[in-house]
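Q: Take a look at this one; I'll ask things after.
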Amino acid sequence: MSNYRRERLPGGIFFFTVVTAGRRPILTTDVARALLRRVVDEVRGGYPFAVEAWVLLPDHLHCIWALPDGDMDFSKRWGLIKAGFSKRAQGMLDDKPQESASRIKHRESTIWQRRFWEHRIRNQEDYRRHMDYIHFNPVKHELVEHVRDWPYSTFHRYVEAGVYPGSWGSEEAIIDNTGEFGE
């Protein structure tokens, strides 16, 4: 079995990638979006974290979270989110043909990949690059032509706050889109 090394420093800001099992394009359905929002809010009620950025694509999501000082348990939060979502989505979004003996043995749903990818944000430049990566991701995956056209993103919140111009990510903007952040 692989020995995955996770960052273990309390608090901090983290970038995450979470992917559906088999990259099934289910996350942007009305049902999935509503369930995910509800479960994230419930988990945040018991295990607080701030959502700095989020983009929801059909088969994966990227986000940046800020954890409270003294708290480093993002794995617990993701476990609760994935389990809560899977339980509520049972019969609606699960995929029985994908159910394997291993998934049954470990009581895993057919909705999520087993693991997630995380990266601790190290400084302001790292933060900016990951924010840009998150918000540009729908264009990268050719889901839309312009960042502003993707509705499932915190990009719109940052435009309203004056952080990004509404035209950000268009041809005239310079984007570092190398794909180096774990997809």
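Q: Taking region 16-30 as the region of interest, how many residues are of a type outside the set (Val, Ile, Thr) and part of a strand (DSSP E or B)?
A: Of region 16-30, the ones of a type outside the set (Val, Ile, Thr) are 16, 21-25, 27, 30.
Imposing the further condition that a residue be part of a strand (DSSP E or B) reduces the set to 16.
Residues in region 16-30 being of a type outside the set (Val, Ile, Thr) and part of a strand (DSSP E or B): 1 in total.
Q: Restricting the search to region 44-74, which residues are assigned to a helix (DSSP H, G or I) and either open to solvent by 40 Å² or more (accessible area, probe 1.4 Å) or charged (D, E, K, R) (or both)? It would help to see each step written out before you state the result.
A: Residues of region 44-74 that are assigned to a helix (DSSP H, G or I), as a first pass: 44-46, 74.
Result: ARG44, GLY45, GLY46.
Q: While we're looking at this one, here's another question. Which residue, of HIS135, HIS156, HIS146, is touching a residue at least 60 places away in the same chain (Cβ under 8 Å) and surrounded by 14 or more Cβ atoms within 10 Å (Cβ to Cβ)? I'd like the intermediate steps shown before the answer.
A: Values: HIS156 fails: touching a residue at least 60 places away in the same chain (Cβ under 8 Å); HIS146 fails: touching a residue at least 60 places away in the same chain (Cβ under 8 Å).
None of the others qualify; the one that does is HIS135.
Q: Here is a follow-up. Filter region 109-132 down to residues that are open to solvent by less than 70 Å² (accessible area, probe 1.4 Å) and touching a Ser or Thr at 6+ places or on another chain (Cβ under 7 Å), then give me how many there are.
A: Result for region 109-132: 4.
Q: Continuing with this model, one more query. Does LEU9 satisfy being at pLDDT 95 or above and not in a strand (DSSP E or B)? Before you say what the answer is, go through the steps one by one.
A: On the way: at pLDDT 95 or above: no; not in a strand (DSSP E or B): yes.
Spelling it out, it is not the case that LEU9 is at pLDDT 95 or above and not in a strand (DSSP E or B).
Q: Separate question: Taking the stated definitions as given, is ILE104 assigned to a helix (DSSP H, G or I) and at pLDDT below 85?
A: Values: assigned to a helix (DSSP H, G or I): yes; at pLDDT below 85: yes.
The answer is yes for ILE104.
Q: Also: What tally of residues in region 13-25 results from selecting those that are surrounded by 18 or more Cβ atoms within 10 Å (Cβ to Cβ) and either without any contact (Cβ under 8 Å) to a residue 12 or more places away in the chain or in contact with a Pro (Cβ under 9 Å, 6 or more places away or on another chain) (or both)?
A: 1
Q: Mind checking which residues of region 124-161 are over 13 Å from ILE64 (Cα atoms) and hydrophobic (A, V, I, L, M, F, W, C)?
A: Within region 124-161, PHE136, VAL139, LEU143, VAL144, VAL147, TRP150, VAL159, ALA161 qualify.
Q: What are the residues in region 65-93 that are aliphatic (A, V, I, L, M), at pLDDT 95 or above and more than 17 Å from THR110 (Cβ to Cβ), if any?
A: ALA66, LEU67, LEU80
The values are calculated or read from the model by the stated rules, or taken from the named source; none is laboratory data. Here the structure is a predicted model, which is why all the values come from computation and not from measurement. Reconstructed Cβ throughout: ideal geometry from the backbone, glycine too, with neighbour counts over all protein chains shown. Each accessible area value is taken on the protein alone, full model and side chains, heavy atoms only, with ligands, DNA and RNA left out. Shrake-Rupley method; radii C 1.70, N 1.55, O 1.52, S 1.80 Å.
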